[in-house]
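The values are calculated or read from the model by the stated rules, or taken from the named source; none is laboratory data. Just so it is clear, the model here is predicted, and its values are computed rather than measured. Glycine gets a Cβ as well: all are built from the backbone with ideal geometry, and neighbour counts include every protein chain shown. Accessible surface is based on the protein model in full, side chains and every heavy atom, while ligands, DNA and RNA are left aside. Shrake-Rupley method; radii C 1.70, N 1.55, O 1.52, S 1.80 Å.
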Amino acid sequence: MKITSSLIDRLIRLRNGESLPASQLRGEWVDELERDGVIVSIAHGSRRTIFAPQPDAFLQALSTIDERLADLDLMRHTLLADEASRSSQASTTGNSKLVTVRSCPGFPVNAYEPIPCTLNGREMTIAPEEGCFVFIADWQSFTIPKDVIVVGIENMENFRMIRRQRALFDRTIGTGHLLFVSRYPQSTDLRSWLQSIPNRYVHFGDFDLAGIHIFLTEFHANLGERSSFFIPADIEQRLTNGSMERYNAQYHKFRNLTTSLPNLQHLIDTINKHHRCYDQEGYINRC
């Protein structure tokens, strides 16, 4: 799949509840979304239009097809920045394809307690004020103490609001030093950095089959036993009030999902038992 700003604009329109002519979105992945009921096609004489009846399920399905599609707004921003950079190249060289540009390498990090680290050989401290976080662009030279636990957070709202989830992290992970990371914008930079350090990694994503699949294929497959999936003690109770629609949308693709990790297999079995999924945003303390 070639990801362009025009493609992202069309996906954003579907996410926002608009319909598109079927001719504007084609490919095997589109056919798969239609088979799974994530998008619906309606005939109008000789013409067809498509729409996404459940935006959340649509976004979740996109993230399983290509991790770069997990945050459409951020991807659009990144692409527009790349296009602007190519425009600058063209103005000076006449060739916008002279250099392949990545406008936003790296990943954001967050912490609610100061974390000492090293960047480009110089000591610094990660200690963002509430309401902001730090973006690490030169990630190849970024190191942290070995006793720091890295917590990867899939949803940007959870990532921004870590202080409102501190009691949850203390109960589930412990009271050690935690560095929170996000893999947005979508790239392999975060995974490559995690592979280069010895630290324990905990993956905090949505409690659904697609989210578990992302952990198993993107992180556990590369980090092995020092990676684990974040499983709160009350997850089964919360799943009873979760989304049956998204579970049904994912079931056909992930119905055979299994793992050799006992705790995670128990979570898979629990999700299948209740036929429901639960969004990680539900753990944000709104008080």
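Which whole number of Å³ per residue matches the convex hull of the alpha-carbon atoms in the range 229-282?
81 Å³
Could you work out the helix-only [θ] at 222 nm for the chain, with each DSSP H run of four or more residues adding -39,500 (n - 2.57) and the total divided by the number of residues, to the nearest 500 deg cm²/dmol?
Calculated at 222 nm, the ellipticity per residue is -11000 deg cm²/dmol.
At 0.36 nm per residue, minus the direct Cα-Cα distance, what do THR217 and ALA43 gain on full extension? Give it in nm, one decimal, please.
In short, 58.9 nm is gained.
Using a 1.4 Å probe on the protein chains only, how many percent of the accessible area of the range 7-49 belongs to carbon and sulfur? Mind showing how you got there, number by number?
Numbers: 1040 of 2480 Å².
Answer for the range 7-49: carbon and sulfur cover 42 percent of the accessible area.
Sorted by mean Cβ packing within 10 Å, highest first, what order do the peptides 266-279, 111-124 take?
Answer by packing, highest mean first, reads 266-279, 111-124.
When Kirkwood radius over Cα pairs in Å is calculated directly from the model, which label among (1) 19.5; (2) 20.6; (3) 21.7 fits?
Identified label for the calculated read-out: (2).
Report the calculated FRET efficiency for LYS273 and ALA137 (r = Cβ-Cβ distance, R0 = 45 Å), to the nearest 0.05. Let's see the in-between values first.
Values: r = 44 Å, r/R0 = 0.97.
According to the calculation, E is roughly 0.55.
Considering only DSSP beta bridges whose two residues both sit in the chain, what percent are antiparallel, to the nearest 5? Could you put the intermediate results ahead of the total?
Values: 21 of 32 bridges.
Of the beta bridges lying entirely in the chain, close to 65 percent run antiparallel.
Give me the distance in nm between label points sitting 7 Å out from Cα along the Cα-to-Cβ direction at ARG171 and GLU34, one decimal.
Taking the simple label geometry, ARG171 and GLU34 are separated by 4.6 nm.
Is the range 33-83 best put as rounded, prolate or oblate by its Cα gyration tensor, with a ≥ b ≥ c the root eigenvalues, rounded for a/c under 1.5, and otherwise prolate when a/b is larger than b/c, oblate when not?
Oblate shape, in that a/c is at least 1.5 and b/c is the bigger or equal ratio.
Do me a favour and compute the ellipsoid semi-axes for the range 158-287 from its Cα gyration tensor, root of five times each eigenvalue, largest one first, whole Å.
Equivalent ellipsoid semi-axes, largest first: 23, 19, 14 Å.
Taking only protein heavy atoms into account and a 1.4 Å probe, give the accessible area per residue of the range 216-287 in Å². Could you put the intermediate results ahead of the total?
Details: 3940 Å² over 72 residues.
It amounts to 55 Å² per residue over the range 216-287.
So how far apart, in nm, are the two label points at ARG15 and ARG286 if each is 7 Å from Cα heading toward Cβ?
2.2 nm
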